[in-house]
Amino acid sequence: MGTQGMDETQARAAEEARSRFVERFAAQLVEAGMARMPARIFAALLASDSGALTSAELGKQLQVSPAAVSGAVRYLTQQHMVTREREPGTRRDLFRVHSNQWYEALANRDSIMKRWEDALREGVDNLGADTPAGRRIAETLAFFEFVQSEFDGLLERWRAHRKTLGFSDG
């Protein structure tokens, strides 16, 4: 929702709508397990027209300290949910969420899933496949192996579907 070309009342209403979305979506992310500040920052980036904001812009919009922004964007970049770029002509960092951020975040989970599978395999070996705990861990391992085997096809189908919807990588 852009505010260019709007009168003051319309611009204020647009910013209030954006703020309501940010807080509501962030609350949903928190409920799903994300920490509150990264959730708010991610939602703010997602709701920005450009998909990119500086640390100062994020702090002002969310009324939080630079330290809070710094810690949250560090987490989000580690999770491949945002990227850090240099604002052209300045020394300021720009934090960007891309249109395909969910795809990128999920695609980067592959190495985590493989580590979980390795740990689960070790658990089955150590506890014994014939013990109750070993069987429970083996079922968990089977689930992750199944999900992993389906995952690549799912991402490929999404890429094809995304094109039919007319979305670009911008």
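The values are calculated or read from the model by the stated rules, or taken from the named source; none is laboratory data. It should be emphasised that the depicted structure is a prediction, and the values quoted were computed from it without experimental measurement. Every residue, glycine as well, gets a Cβ built from its backbone with ideal geometry; the counts of neighbours run over all protein chains shown. Heads up: the accessible areas ignore ligands, DNA and RNA and are worked out on the full protein's heavy atoms, side chains in. Shrake-Rupley method; radii C 1.70, N 1.55, O 1.52, S 1.80 Å.
Looking at the stretch 32-55, which of its residues are open to solvent by 70 Å² or more (accessible area, probe 1.4 Å) and modelled with pLDDT under 95?
Selection gives Ala32, Asp49, Ser50.
What helices (runs of 4 or more DSSP H) lie completely within the stretch 23-106 and have 2 or more residues being among the polar types (S, T, N, Q)?
55-62, 66-78
In the stretch 88-127, what residues are free of Cβ contacts under 8 Å to residues at least 12 places away in the same chain, touching a Gly at 6+ places or on another chain (Cβ under 9 Å) and surrounded by 14 or more Cβ atoms within 10 Å (Cβ to Cβ)?
The one that is free of Cβ contacts under 8 Å to residues at least 12 places away in the same chain, touching a Gly at 6+ places or on another chain (Cβ under 9 Å) and surrounded by 14 or more Cβ atoms within 10 Å (Cβ to Cβ): Leu127.
Tell me, please, whether a residue that is in contact with a helix residue (DSSP H, G or I) (Cβ under 7 Å, 6 or more places away or on another chain), closer than 16 Å to Gln101 by Cα and not β-branched (Val, Ile, Thr) can be found in the stretch 159-166.
The answer is no, given that none of the residues of the stretch 159-166 is in contact with a helix residue (DSSP H, G or I) (Cβ under 7 Å, 6 or more places away or on another chain), closer than 16 Å to Gln101 by Cα and not β-branched (Val, Ile, Thr).
Only one of these is under 17 Å from Ala44 (Cβ atoms), touching a helix residue (DSSP H, G or I) at 6+ places or on another chain (Cβ under 6 Å) and at pLDDT 95 or above: Ala138, Ala72. Name it.
Ala72
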